[in-house]
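Nothing in this text is a laboratory measurement; each read-out follows from the coordinates by a stated rule. Everything quoted here is computed from the prediction, not taken from an experiment. We place every Cβ from the backbone using ideal geometry, glycine too, and count neighbours over all the protein chains shown.
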Amino acid sequence: MSIYRRADGRWVGSLDLGRNVNGKRQRHVVYGQLRREVVAKLEEARSRLAADEPVRDARTTVASFVNDWLEKALPASPRRPTTQATYAALARTHLTPAPFGALPLDRLRPSDIEALLLAKRDAGLAEWTVRAVYTVVRQALDTAVRDGLIRRNPAAAVKRPTVKRSEARYLTPEEAGRLLEVAKGDRLYPLLVLLRIPPNRGGIDYKESHAGEAEEVRR
């Protein structure tokens, strides 16, 4: 590791990374206005190397990485073809277009993921779709971490979007009665009579209230 000051006053630091497979010497070079800035950058690089992590995050755009993920990692995954097709459609529609797709992969932050999800929600996307977008971007970035392109997955620090669940609605006695009246003559009518219609808010059990009809069906 070496540090020196250039004629223009800027500090330069160099870290020897050894030789690549072709025998060429590799170095990690950093710059800074102050010497301590350069020292800090070199120490971070050494820490990454010790942890078997990339010395620097990949300098590529999100769109470029996602397209590569769609061509290689996603098809090689154990996910079902229908799931892969859904992930691919979501990625092409919501992750690769600018402005999100134009962001540098090495500068992607949790706040960028949150901004993406907020924009999708404000655009009127359903809550389930927004959650699906989050799932896809997180899994894609998991691959980036695995392949050594980035040190951490910024999506992992973002809370998964919630989906509001609505309470189940039961038929009122009047609605259930109309249903049975309309269903007479339909092939499903015996099934509606024999099966217990979920207790409604009036507490009437239509299996009992139509016991005579049910007995007729059994015969």
Under the rule of at least 5 residues apart or a separate chain, name every residue whose amide H is placed under 5 Å from the amide H of residue 32. 11
Ranking request for peptides 102-111, 59-68, 26-35: highest mean number of other beta-carbon atoms within 10 Å first, then the rest in descending order. 59-68, 102-111, 26-35
